[in-house]
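Here is the structure we will look at.
Every read-out reported here was derived from the displayed coordinates using simple, explicitly stated rules and does not represent laboratory data. Computed from a predicted structure; not experimentally measured. All Cβ positions, glycine included, derive from the backbone under ideal geometry; neighbour counts span all protein chains shown.
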Amino acid sequence: MEHALNPLPSPLEWYRQQLEQPDFVDDQAQAKLVSELQRLFERLSEPPISRRSLWSKLFSPRPAQTHPSGIYIWGGVGAGKSMLMDIFYHAVPGERKLRAHFHRFMQQIHAELRELHRESDPLPLIARRLSERTDLICFDEMQVHDVADAMLLGGLFTALLDQGMALVITSNREPDQLYLNGLQRERFLPVIKLLRQRLMVHHLQSAADYRYRSLQQLKRYLTPLNEPTQQLMSKAFDGAAIDRVMEQLLSINGREIPVIGQGSDVVWFSFDELCGGPRSPADYLAICEQFHTVFLSGVPKMGQDEYDLAHRFMSLVDLLYDHRVNLIVSAAAPPGELYDGDRFQFEFDRVVSRLIEMQSEAYMQACRAER
């Protein structure tokens, strides 16, 4: 989960700046959403004196809502939901904000519930703890498949909203389609009602797939490792991650991993950070769940003695491939020349095949369809 970063211009100012760029398309569907995000941005940017104190949150009735408590943004892949939410998130001033991938946030909630198993009603307590440090939560990619999540969400969202928090949620599904055909779905229907009553539901109907358009223009495997290749990687990342933030720490499974850059669903690692240390398949799986595109710089040639490096690299590529994550690589040699050893030759032949396939238009189309 991410906390505050350096503030950007307001959503509306950002959009107007983008309109001045020659390669930016004025998308009216996105412009309408920017207007809604701007209104929420202005409300959250009010001076702190106008906000409720923690004492009043605990002991005073919640005032009647005169405006939605946030926005639920749904639409097809590549329409710009996550990008615009992230522009909004980074623009909101201060540090009382949180951005989280929905699935990972729910994993944390389940962990807290296990710690609070002696409490008769732990969700309001969890919400109060969050409200002590957070006024805004941005959830990316809300999907509900798990019955345990489905049964929790009504109480969790109610508790968060009753603490005065604003929620911004992105999803590929409209509220009425969430947890469709799920076990005991009738118990989930109040969640749908809550989302529609307390949040503004916005359907982002953009005809263009912005993720696909930017990635289409990229060369996805760059070699050798030199300054021109590094410049090409930087240029490619700048095009893929409009809301980029450079040189941050990413928390994965409770451990912090330095990243070269991070944007909306896009992340850039060095090979040394991602494969050179004690990383596990669970770490790579978490990255697959959180990002649709991974940039990986500095893949070296590996020999018989680089057992751990080769093993981690194979695990990473296999998981990225299986989860249809786009991979942009800078490497010391072409795929077929990366490994010079006997121990993993059979397994590495599979990785070479996948690295080549992951450069293809067909693979990108598969990523686009599945994510």
- Message: Going by amide H atoms built from the backbone, whose H comes under 5 Å of the H on residue 303, apart from near neighbours?
- Response: 340
- Say we join alpha carbon atoms closer than 10 Å with springs in a Gaussian network model of the chain; which of 341, 80, 263 then has the biggest fluctuation? 341
- Note on the structure: For the chain, percent of DSSP beta bridges that are antiparallel (nearest 5) comes out at 25
- Note on the structure: The longest stretch of the chain containing none of the GluC sites (Glu not before Pro) that sit in a DSSP loop with at most 15 other Cβ atoms within 10 Å is 133-371
- Task: Label the stretch 11-203 by shape, choosing from rounded, prolate and oblate, from the square roots a ≥ b ≥ c of the eigenvalues of the Cα gyration tensor; if a/c is under 1.5 it is rounded, and otherwise prolate applies when a/b is larger than b/c, oblate when it is not.
- Result: oblate
- Degrees separating the helix 227-240 axis from the principal Cα axis of the chain, which is the longest one: 30
- Message: Please list 3J(HN,Hα) in residue order for the stretch 122-132, calculated via the Karplus relation 6.51 cos²θ - 1.76 cosθ + 1.60 where θ = phi - 60°; whole Hz, with x for glycine and proline.
- Response: x, 4, x, 5, 4, 5, 5, 4, 5, 5, 5
- Item | About the Cα centre, charge dipole magnitude for the stretch 11-203 (Lys/Arg +1, Asp/Glu -1 at Cβ), debye | 680
- Message: Below 21 Å, Cα to Cα, which lysines can residue 235 reach? Residues fewer than 8 away in the same chain don't count.
- Response: 219
- Item | Folded to 0 to 90 degrees: helix 81-91 orientation relative to the chain principal axis, Cα | 70
- Can you pull out the trypsin sites (Lys or Arg not before Pro) in the stretch 166-203 that DSSP calls coil and that have at most 15 other Cβ atoms within 10 Å? 173
- Note on the structure: Rounded to the nearest 10, the angle in degrees between the Cα long axis of helix 361-370 and the longest principal axis of the Cα atoms of the chain comes to 20
- Sorted by chain and then number, the residues having a modelled amide H within less than 5 Å of the amide H of residue 260, at least 5 places away or on another chain, are 268, 269, 270
- Task: Output ³J(HN,Hα) for the stretch 177-193: one whole-Hz value per residue in order, computed from phi by the Karplus curve 6.51 cos²θ - 1.76 cosθ + 1.60 with θ = phi - 60°, and x for Gly and Pro.
- Result: 9, 5, 6, 5, 6, x, 4, 6, 4, 4, 6, 8, 4, x, 5, 4, 4
- Query: Residues with amide H under 5 Å of residue 252's amide H, sequence separation 5 or more or different chain, H placed in the peptide plane at 1.01 Å from N; which?
  - Reply: 257
- Task: Please give the calculated 222 nm ellipticity per residue for the chain, where each DSSP H segment of at least 4 residues contributes -39500 (n - 2.57) and the sum is spread over every residue; nearest 500 deg cm²/dmol?
- Result: -14000 deg cm²/dmol
- Quick one: Cα centre-to-centre distance for the stretch 80-140 and the stretch 280-331, in angstrom? 29
